Amino acid sequence: MGHDNYNVPTPPNNDGTKYNYDEVLMKSIMFFRAQRSGKLPANNQIPWREDSALNDRGQNGEDLTGGWYDAGDHVKFGFPQASAVTLLTWSLLQYKDAYQASGQLDDMYDCIRWPLEWLLKCHTGQNELYFQVGDGNLDHNFWGRPEDMKMARPSFKVTSDKPGSDIAGEYAAAMAVASMVFKDKDPAFSAKLLNHSKQIYTFGKTYPGIYSQSVKEAGPFYGSDEYKDEMAVAAAMLYLSTNNTQYLTDAESFHQHGNQWGQSWGSKFTASMVLLYQITKKDVYKQDIETTFTNWLPGATGPDAVPYTPKGLAFRTKWGSLRHAANNAFMALIAAEAGINPTQYRNWAKGQLGYILGDTGRSYVVGFGVNPPSHEHHRAASCPLIPASCSHDFYEMKYSNPHVLYGAIVGGPGPNDEYDDVRSDYVRNEVAVDYNAGFQGAVSGLKSLHLRNILD
């Protein structure tokens, strides 16, 4: 079976850069479109996706339709989803010139608005916030399209009795940064986001707690062990959007100094140190950044040094190895904008993105570049066009997915650059909204640097 060849016009590489950043940005935004749940808009541009999960409800019947499916599965996990929205929206705040010049600005607003509308729906009471729709175990036993799901889709929330400051902080951060990017585009939406952000932040601050300890019945997915990182980022973003110094005081008190493991859906002190340095220019945050990136850049020694693959990928962990490199590349680019080791950090970020885009002789981005993955672990992309039936048989099929999941980055290679494009290898071939967020942010940063004649 071949791919369906719906027409995706590739924008010309007017920049003359090694990789066509306009094409990467366009296709990454397409990936997020393919992840949409709920009633799709009339201009749905993914022909193999239709309306799905139209009965997603809260525990009291609240409408929880919409949002994004997390990965190759069909659970809506609010924690990594909000984390992805924060990074994506931050990239639009920081590198709007890149989205504008690539012709993707309107599509980018549309891209982030979809999950933001869902995050707002999840805020069903002052101290009540839904963070998951779907049962991870039931869901993972089903190989088929989201349009065909029949299993129960329970929903889970944090409350004052079962608090989750990590969830609250991440939702508040996403909404606060979005309130800034929508300020001129849609003032009413911007004001709504800011209002909800403040309320959710107050909930997180008033009722401290870790969501995966409070609501164990949601299952062992995306467990959290800290909430101060999310609250620090939320407070910093709220300070930037309101100028209220109480938020800055809070952000500084929540932040944890020293070396950081990396930026991810569960670990955000790298983001808070970069934000706090941007805002305050205090040496203590510069030290945090330099300590962390000294360990991330090649040549580091000691127990905190990040190892490298033979071909040059900073290899943090086998789970989403590319995602961690891309997230930290994005952080390095923003730190560079604030004046910290700009040449070194930018060149390092460009090298990590080059690895993902094809420097080793293959692309890790579906539908882009040379020899890209075509067996990514993604149920909907692996199923034939509706109305043909789809089943677990398609999980084992040796041929490429019938649909091109344009723009998705896969989990990535092992510590020796080893990689097989096999659907059943979900460690290396899973895709996820949090995988693409920092990646797309970093690409927008490289495009912006090229526009400003700082980096080729």
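The values are calculated or read from the model by the stated rules, or taken from the named source; none is laboratory data. This is a predicted model, so every value here is computed, not measured. Every residue, glycine among them, receives a Cβ derived from its backbone with ideal geometry; neighbour counts consider all protein chains shown.
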Log entry, pairs with first residue in the stretch 316-340 being within 19 Å of residue 357 (Cβ to Cβ), second being acidic (Asp, Glu) and crowded, with 23+ Cβ neighbours inside 10 Å, beta carbons closer than 7 Å, six or more apart or on different chains, reads 323/434
Counted residues in the stretch 300-326 being surrounded by 16 or more Cβ atoms within 10 Å (Cβ to Cβ) and either at positive phi or assigned to a helix (DSSP H, G or I) (or both) come to 8
Next on the checklist: Is it the case, given these coordinates, that residue 223 is small (Gly, Ala, Ser), under 29 Å from residue 430 (Cβ atoms), surrounded by fewer than 16 Cβ atoms within 10 Å (Cβ to Cβ) and in contact with a Gly (Cβ under 9 Å, 6 or more places away or on another chain)?
Outcome noted: yes
With the first residue restricted to the stretch 16-44 and required to be closer than 22 Å to residue 370 by Cβ and of a type in the set (A, V, I, L, M), and the second required to be surrounded by fewer than 23 Cβ atoms within 10 Å (Cβ to Cβ) and at pLDDT below 95, Cβ contacts under 8 Å at 6 or more apart or on different chains are 26/11; 30/8; 30/45
Is one or more of the residues making up the stretch 282-299 at pLDDT below 95, part of a loop (DSSP other than H, G, I, E, B), more than 22 Å from residue 205 (Cβ to Cβ) and not charged (D, E, K, R)? yes
Within the stretch 203-238, the residues that are closer than 15 Å to residue 129 by Cα, of a type in the set (Val, Ile, Thr) and assigned to a helix (DSSP H, G or I) are 206
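So that you can scan it fast, the table gives a plain yes or no per residue for (1) surrounded by 21 or more Cβ atoms within 10 Å (Cβ to Cβ); (2) over 30 Å from residue 48 (Cβ atoms); (3) at pLDDT 95 or above:
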| residue | (1), (2), (3) |
| --- | --- |
| 328 | yes, yes, yes |
| 341 | no, yes, yes |
| 345 | yes, yes, yes |
| 353 | yes, no, yes |
| 365 | yes, no, yes |
| 407 | yes, no, yes |
For the stretch 202-224, pairs from a residue that is closer than 9 Å to residue 163 by Cα and touching a residue at least 24 places away in the same chain (Cβ under 8 Å) to a residue that is in a helix (DSSP H, G or I) and hydroxyl-bearing (Ser, Thr, Tyr), with Cβ under 9 Å and 6 or more apart or across chains, are 203/165; 204/165; 204/171; 207/165; 208/165; 209/165; 210/165; 211/165
Residue hits (the stretch 263-285; surrounded by fewer than 21 Cβ atoms within 10 Å (Cβ to Cβ) and either on the phi > 0 side of the Ramachandran plot or β-branched (Val, Ile, Thr) (or both)) are 279, 280, 281, 284
Apart from one, (1) surrounded by fewer than 20 Cβ atoms within 10 Å (Cβ to Cβ); (2) outside any helix (DSSP H, G or I); (3) touching an Asp or Glu at 6+ places or on another chain (Cβ under 9 Å) all hold for residue 450; the odd one out is (2)
